[in-house]
Each structure stands twice: as C-alpha cells, then as structure tokens.
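Asks: The structure that follows is given in the form of structure tokens.
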Amino acid sequence: GESVGLHLPTLSVQEGDNSIINCAYSNSASDYFIWYKQESGKGPQFIIDIRSNMDKRQGQRVTVLLNKTVKHLSLQIAATQPGDSAVYFCAEKRPGGGADGLTFGKGTHLIIQP
Amino acid sequence: DAGVIQSPRHEVTEMGQEVTLRCKPISGHDYLFWYRQTMMRGLELLIYFNNNVPIDDSGMPEDRFSAKMPNASFSTLKIQPSEPRDSAVYFCASSPLWGQGPNNSPLHFGNGTRLTVT
C-alpha cells in the first residue's frame, strides 16, 4: 500500500486565507521529509524540507510541521495567493535506503478561490 | 542557475519505435534520478546515478528501458521498442547530496518529457 498519503485529494481555500495540507506516513523510522509543489505542465518544485530531529521549520510563507508521535506531516501556507494553486506532494525517506527509499504521496490539489 | 534541463518537452511516437529522452542536471550535482509519473501510479523511481555510475536500476520496468550517463552533465533514458503503456511524463532530477543518513539535499526536478506512444 501507499506508505505516504494525503488526507484530502483536493483542498479549496479563499485567497488570503491560510492553507494546511496534511500528509500521513507509515514508517516511524523515516528520517527526512520533503514538500513539493507541482504546477500543470511542470516538474515538482522543491518547497521545504525537514529532518526527523526537528518538529518545525519555516520558510517564506510556508511552515512544515512534523509530528513523529502520530507520523504526521503538514504544510502550512500563509496568506494563500492565486499562484499557490498546484498539486502538493509530500515525500518521505526511509533510513538506510538510497533513492528508492524516497516515497512520494499521490498529491493534494490546492485550489484558490477568489 | 538554469535548473535541470530536459528534452524534448513532448514526444509522440508509434509503437515499436525507439525513444530517447535527454537530461542535463544542475552543475555540481553528483546525483541524477529518472522518474516516471502517471495518474495511476504517481511518481516512480526508475534509476539513479552517483558520479555517473548507476546505483540502483531496480525500478526500470523492463529490458526495453536503458539509461546512461556518459558524463557529469548529460544523461539519456532510452526505450526500445516503445509500447503504448510507456506513455507517461518522464522526469529527471538531480541533487548535490543523497545518502543513507538524514543528511540529504532535496531533489531538483526538470519540467519533464511527456511521452505518448500510439
């Protein structure tokens, strides 16, 4: 089954509101997590990453939270803008693995309402 | 920084034909990855290289698929013969650091090649 998944396939938010995209992972030993944004016709674009020794990391308008107790990852986007419309993927890296240890979720489609 | 460059952007070919996809990684990135993306299966790793050497090709679906990296700035993914089920978007990605510990750098993706095999 899917080791990295998303609670909602589609998320619709009002422009200016904050968005929260959730991701569940199954391997409690995973040590590195990445969030990607993919716009139509483009490749996944790196947004932010976090290592397992952290529980929070902030970037420009984005924050990633890692809750290892419940194996949950979230991406918070502040003051959502039309340009934030895209599919967002979380990726999880298992320890001891090479590139095959990186598993991508199916993605959440973020829709911005004007 | 030009990013990862892939060509062609679109490829339409007939079943049985040979297809070659090309990738130029970001300069200085020692790791190069080939992924395939479909609606049904999402992103799947096909193969990855470290310093031009293939490390893991277990994701390559069949012998019809082959990948090479003759130098640090160029890689190809070849499908011969192509089949309709190969239709997908193929992504190349690179990273300066990737390993078995938590000290990794994220993968940076190109904009992909959309392959359609009729």
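The values are calculated or read from the model by the stated rules, or taken from the named source; none is laboratory data. On a predicted model such as this, the values are computed, not experimentally measured, just so you know. All Cβ positions, glycine included, derive from the backbone under ideal geometry; neighbour counts span all protein chains shown. Just so you know, the surface numbers come from the protein's heavy atoms only, side chains and all, with ligands and any DNA or RNA stripped out. Shrake-Rupley method; radii C 1.70, N 1.55, O 1.52, S 1.80 Å.
Asks: Considering only residues that are in a loop (DSSP other than H, G, I, E, B) and over 16 Å from A:Lys56 (Cα atoms), which ones fall in the stretch A:71-94?
Replies: A:Ala79, A:Thr80, A:Gln81, A:Ser85, A:Arg94
Asks: Ok, one more. So which residues in the stretch B:55-74 are at pLDDT 95 or above and more than 23 Å from A:Gly41 (Cα to Cα), if there are any at all?
Replies: Within the stretch B:55-74, B:Arg64, B:Phe65, B:Ser66, B:Ala67, B:Lys68, B:Met69, B:Pro70, B:Asn71, B:Ala72, B:Ser73 qualify.
Asks: To continue, here is another question. If you go through the stretch A:34-56, how many residues are more than 25 Å from B:Cys23 (Cα to Cα) and either open to solvent by less than 50 Å² (accessible area, probe 1.4 Å) or among the acidic types (Asp, Glu) (or both)?
Replies: 3
Asks: In the stretch A:43-54, how many residues are farther than 13 Å from A:Tyr88 by Cβ and assigned to a loop (DSSP other than H, G, I, E, B)?
Replies: Going through the stretch A:43-54 one residue at a time, the tally reaches 4.
Asks: Look through the stretch B:46-55, keep the residues that are open to solvent by 30 Å² or more (accessible area, probe 1.4 Å) and in a strand (DSSP E or B), and return whichever of them is nearest to B:Ser94 (Cα to Cα).
Replies: B:Asn50
Asks: Right, something else. Can you find, within the stretch B:93-118, the residue that is modelled with the highest pLDDT among those that are more than 10 Å from every other protein chain (Cβ to nearest Cβ) and assigned to a loop (DSSP other than H, G, I, E, B)?
Replies: By that ranking, first place goes to B:Thr118.
Asks: Among the candidates B:Tyr31, B:Tyr48, B:Tyr90, which residue alone is closer than 22 Å to A:Gln45 by Cβ, touching a helix residue (DSSP H, G or I) at 6+ places or on another chain (Cβ under 6 Å) and within 13 Å of chain A (Cβ to nearest Cβ)?
Replies: After ruling out the rest, the residue left standing is B:Tyr48.
Asks: Being part of a loop (DSSP other than H, G, I, E, B) and over 22 Å from A:Asn27 (Cα atoms) is the filter here; which residues of the stretch A:95-114 pass it?
Replies: A:Pro114
Asks: Suppose we filter the stretch B:58-88 for residues that are among the β-branched types (Val, Ile, Thr) and open to solvent by 20 Å² or more (accessible area, probe 1.4 Å); how many remain?
Replies: 1
Asks: Please enumerate the residues belonging to the stretch B:9-44 that are among the aliphatic types (A, V, I, L, M) and open to solvent by less than 30 Å² (accessible area, probe 1.4 Å).
Replies: B:Val19, B:Leu21, B:Ile26, B:Leu32, B:Leu43
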